[in-house]
Amino acid sequence: MMEFSKSIINDIKDIILTSRENAIRAVDRQRTLMYWHIGKRIFEKEQQGKDRADYGTPLQNSSLTNWYLNMELGFSKDKLNYIASFIEHFQLRIQCIRN
């Protein structure tokens with residue numbers, strides 16, 4: 001069996017740790033983008049072409065939709081409402097900045 005010097009072992013360790021950190025960042029970025037797109041889609045649906053959505057408009061209550069989101073995708077209705085409210089608040093801040 002080949003013996004490695006301590007410096008090579010440390011280099012390999014650094015490569016592995018850096019790769020793990022980069023992978024975590026990539027997954028976090030994709031998860032953030034996923035939540036952004038989900039929230040944006042829900043927010044647009046709630047607006048229904050209006051300048052603003054009605055205050056407190058809940059997501060449509062469909063047992064099939066709820067089952068699919070929970071069982072197939074791991075998203076609860078509450079989680080989707082949370083994601084949509086984030087987009088709503090973010091959109092309002094953008095409007096304030098633009099004005």
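Checking each residue in segment 40-51 for being part of a helix (DSSP H, G or I) and either of a type in the set (Asp, Glu) or modelled with pLDDT of 85 or more (or both) picks out Glu44, Glu46.
To keep it simple, each residue is scored yes or no on (1) outside any helix (DSSP H, G or I); (2) at positive phi; (3) at pLDDT 80 or above.
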residue	(1), (2), (3)
Ile9	no, no, yes
Ile16	no, no, yes
Ala26	no, no, yes
Ile38	no, no, yes
Ala53	yes, no, no
Thr57	yes, no, no
Gln60	yes, no, no
Tyr68	no, no, no
Gly74	yes, yes, no
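Among residues of segment 68-87 that are over 15 Å from Trp36 (Cβ atoms), those with a Cβ under 6 angstrom from a residue that is modelled with pLDDT under 75 and assigned to a helix (DSSP H, G or I), sequence gap 6+ or separate chain, pair up as Ser76/Asn70; Lys77/Asn66. Residues considered: Asn99, Asn81, Asn22. Of these, the only one that is out of contact with any Asp or Glu (no Cβ under 7 Å at 6 or more places or on another chain) and at pLDDT below 70 is Asn99.
The values are calculated or read from the model by the stated rules, or taken from the named source; none is laboratory data. Note that this is a predicted model, so its numbers are computed, not measured. Cβ sites come from the backbone with ideal geometry, for glycine too, and all protein chains shown count toward neighbours.
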